[in-house]
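Quick notes on the structure that follows.
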Amino acid sequence: MIALLVKEDKAKETLAELTILGDVVRVQKMSELTRAREQGTLEWILVDERMGIQEAVQTKFPQVVVTSILPPGDVFVLLAKQEQLDSRVKNDAANDANEWIEWTEAVEEGELAVSDTWVNAPSTPLRNGQESPREVLRRTEEALVSNRLMPAMPEPPQAPAFFRRRGTPLIMLEGPKGGAGRSTVGAHMALYAALHGKRVTIVDLDVNGDISEKFGFLQSADVRGWRGGDMAAAVADGICHVHETGVHLIPSPQSRDIVLFDPDDALYLVQLAMSEMDLVFVDMPQGWTPLHRLLLPLVSEVVMAVRTLPDSLGRVEEHAEKLVMAKVEPDKVSVVVNQARKRSELKIVQPLLTPYQPRVLVPYDRKLEKLGGLHGKKLSLACKDWWDSSLGFQKSVKKGRWKR
Ligand SMILES: Nc1ncnc2c1ncn2[C@@H]1O[C@H](COP(=O)(O)OP(=O)(O)OP(=O)(O)O)[C@@H](O)[C@H]1O
Ligand SMILES: [Mg+2]
């Protein structure tokens, strides 16, 4: 669409004159321009010179060509300009295509690791109905499989479950650095919820996944090639462990390629769990990954585990900035300062987290460090009030049930 901003007195005349250019629409509000740009239909903006707003419009829409005209406009000059514009669009498409071809070749020739492809793929899909990024990834994968560089991976299952989702809370366990205790905090929170009668699933998406080990499952099931279905099928097919408290665990396949190569699989598992359970946790890889961006729109609470070690503070600050950039609201984020030796650790991290707030201080527990797993009695006591309010519980869990 070609947007025309013109004063009322010459509006009709100018529109009639310029119809020869194609789809010219008179626009009277900035919001109409913004909408057209968001829909990707805004090709060109023509501004009535007498309005004196050409610069302001250009600043607001830097990617669109803004041309000033003296109504009713010189059609021949504008036609010549349109030709220039068309050739520029063609060049852009050609550049995009080249970028994709170079990138695909780099993957095929092994210059880029498969696991990097999702992160580094050019963001603009090909125009002219050519391959989308996902299709390129699939083709690359096929090439790797046929060259025996990678085992074959069947098509990911479809995600019918998503449409049956019942507003199930999804809690994201994450943090800027590994070893801060995000799996430990999450495992205890999940256990607490299960002991209160919630049907809980944890989907482990951490490439160094170990959350099912905390529940005593040492053998990681392999979700690759699972034919899909429901949670009962996941249990029957051995891709989901069930703990004695009822916590369902879908372990990480423990491979960078599998978790990050096809985020559709991760999304499928999360949505499947959300469609059937009361509460779902995802244990994320450390740091910031494409999976974070993919899942954040579905997440009801982000549990960020941090430690105040000098070498992690910079990362804490950077990580909080990433959450801000992803527009995660402060009341959705619960920061757990773990393995604390002093109360003053809260004050150390607080300014780095802005606009987020530390929610709980969990003391260092020698027993938990030694035994690992679900031995965090001190941790559970410290987190209890937070869990009660976050999960909507009133009473505390019966005494003695933590001893397993
Ligand atoms: N409050 C605590 N006091 C002492 N040890 C703790 C505490 N919290 C967690 N730990 C221990 O720290 C270790 C790392 O915890 P955990 O596995 O939960 O970290 P993580 O953030 O999930 O790391 P990873 O990146 O390895 O997945 C575990 O051995 C755990 O038992
Ligand atoms: Mg972990």
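The values are calculated or read from the model by the stated rules, or taken from the named source; none is laboratory data. Keep in mind the model is a prediction, meaning the values are calculated, not measured. Positions of Cβ are generated from backbone atoms using ideal geometry, with glycine treated the same way; all protein chains shown enter the neighbour counts. The area values use the complete protein model at the heavy-atom level, side chains included, leaving out ligands, DNA and RNA. Shrake-Rupley method; radii C 1.70, N 1.55, O 1.52, S 1.80 Å.
What are the residues in region 9-31 that are of a type in the set (A, V, I, L, M, F, W, C) and either touching a Lys or Arg at 6+ places or on another chain (Cβ under 8 Å) or open to solvent by 90 Å² or more (accessible area, probe 1.4 Å) (or both), if any?
Passing the criteria: ALA11, LEU15, ILE20, MET30.
Output the residue which, of all residues in region 185-216 that are free of Cβ contacts under 8 Å to residues at least 60 places away in the same chain and within 15 Å of ligand 2 (Cβ to nearest atom), is surrounded by the most Cβ atoms within 10 Å (Cβ to Cβ).
SER212
Criterion first (open to solvent by less than 10 Å² (accessible area, probe 1.4 Å), in the same structural domain as MET189 (by TED's automatic domain parsing), modelled with pLDDT of 90 or more and under 17 Å from the mean Cα position of the chain (by Cα)) does VAL247 satisfy it?
Working: open to solvent by less than 10 Å² (accessible area, probe 1.4 Å): yes; in the same structural domain as MET189 (by TED's automatic domain parsing): yes; modelled with pLDDT of 90 or more: yes; under 17 Å from the mean Cα position of the chain (by Cα): no.
No; evaluated as a whole, the condition is false for this residue.
Is there a residue being within 13 Å of ligand 2 (Cβ to nearest atom) and either assigned by TED's automatic domain parsing to the domain that holds HIS243 or outside any loop (DSSP other than H, G, I, E, B) (or both) anywhere in region 221-231?
Within region 221-231, not a single residue is within 13 Å of ligand 2 (Cβ to nearest atom) and either assigned by TED's automatic domain parsing to the domain that holds HIS243 or outside any loop (DSSP other than H, G, I, E, B) (or both).
Is it the case that region 290-307 has a residue that's open to solvent by 20 Å² or more (accessible area, probe 1.4 Å), touching a strand residue (DSSP E or B) at 6+ places or on another chain (Cβ under 7 Å) and under 30 Å from ALA236 (Cβ atoms)?
Yes.
For every residue, the table says whether it meets (1) modelled with pLDDT under 85; (2) in a helix (DSSP H, G or I); (3) open to solvent by less than 60 Å² (accessible area, probe 1.4 Å).
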{"position": "LEU42", "(1), (2), (3)": "no, no, yes"}
{"position": "VAL47", "(1), (2), (3)": "no, no, yes"}
{"position": "GLU55", "(1), (2), (3)": "yes, yes, no"}
{"position": "GLN63", "(1), (2), (3)": "yes, no, no"}
{"position": "PRO72", "(1), (2), (3)": "no, no, yes"}
{"position": "LEU78", "(1), (2), (3)": "yes, yes, yes"}
{"position": "GLU105", "(1), (2), (3)": "yes, yes, no"}
{"position": "SER115", "(1), (2), (3)": "yes, yes, yes"}
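Residue-wise test of (1) surrounded by fewer than 19 Cβ atoms within 10 Å (Cβ to Cβ); (2) within 16 Å of ligand 1 (Cβ to nearest atom).
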position	(1), (2)
LEU309	yes, yes
GLY314	yes, no
HIS319	no, yes
LEU323	no, no
PRO330	yes, no
VAL335	no, yes
GLN339	no, yes
LYS342	yes, yes
ILE348	yes, no
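Counting only residues that are touching a Leu at 6+ places or on another chain (Cβ under 9 Å) and part of a helix (DSSP H, G or I), which one in region 11-33 is farthest from PHE61 (Cα to Cα)?
ILE20
Which residue is modelled with the lowest pLDDT, if the candidates are limited to region 254-282 and must be closer than 22 Å to VAL299 by Cβ and open to solvent by 30 Å² or more (accessible area, probe 1.4 Å)?
ASP264
Taking the residues in region 233-244 that are outside any strand (DSSP E or B) and surrounded by 16 or more Cβ atoms within 10 Å (Cβ to Cβ) as candidates, determine which candidate is farthest from ligand 1 (Cβ to nearest atom). Working first, answer last.
Initially, region 233-244 is screened for residues outside any strand (DSSP E or B), giving 233-240, 243-244.
Of the ones still in play, those that are also surrounded by 16 or more Cβ atoms within 10 Å (Cβ to Cβ) are 234, 239-240, 243.
Working: ALA234: 22, ILE239: 20, CYS240: 20, HIS243: 16 Å.
Filtering first and then ranking leaves ALA234.
Between a residue in region 170-183 that is over 14 Å from GLY373 (Cα atoms) and of a type in the set (D, E, K, R) and any residue that is part of a loop (DSSP other than H, G, I, E, B) and within 13 Å of ligand 2 (Cβ to nearest atom), which pairs come within a Cβ distance under 7 Å, given they are 6 or more apart or on different chains?
Short answer, once both residue conditions are applied: GLU174/MET284; LYS177/GLN286.
A quick yes/no check of all residues on (1) modelled with pLDDT under 95; (2) more than 16 Å from ligand 1 (Cβ to nearest atom); (3) farther than 15 Å from VAL280 by Cα:
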{"site": "GLY181", "(1), (2), (3)": "no, no, yes"}
{"site": "GLY186", "(1), (2), (3)": "no, no, no"}
{"site": "GLY216", "(1), (2), (3)": "yes, no, yes"}
{"site": "MET231", "(1), (2), (3)": "yes, yes, no"}
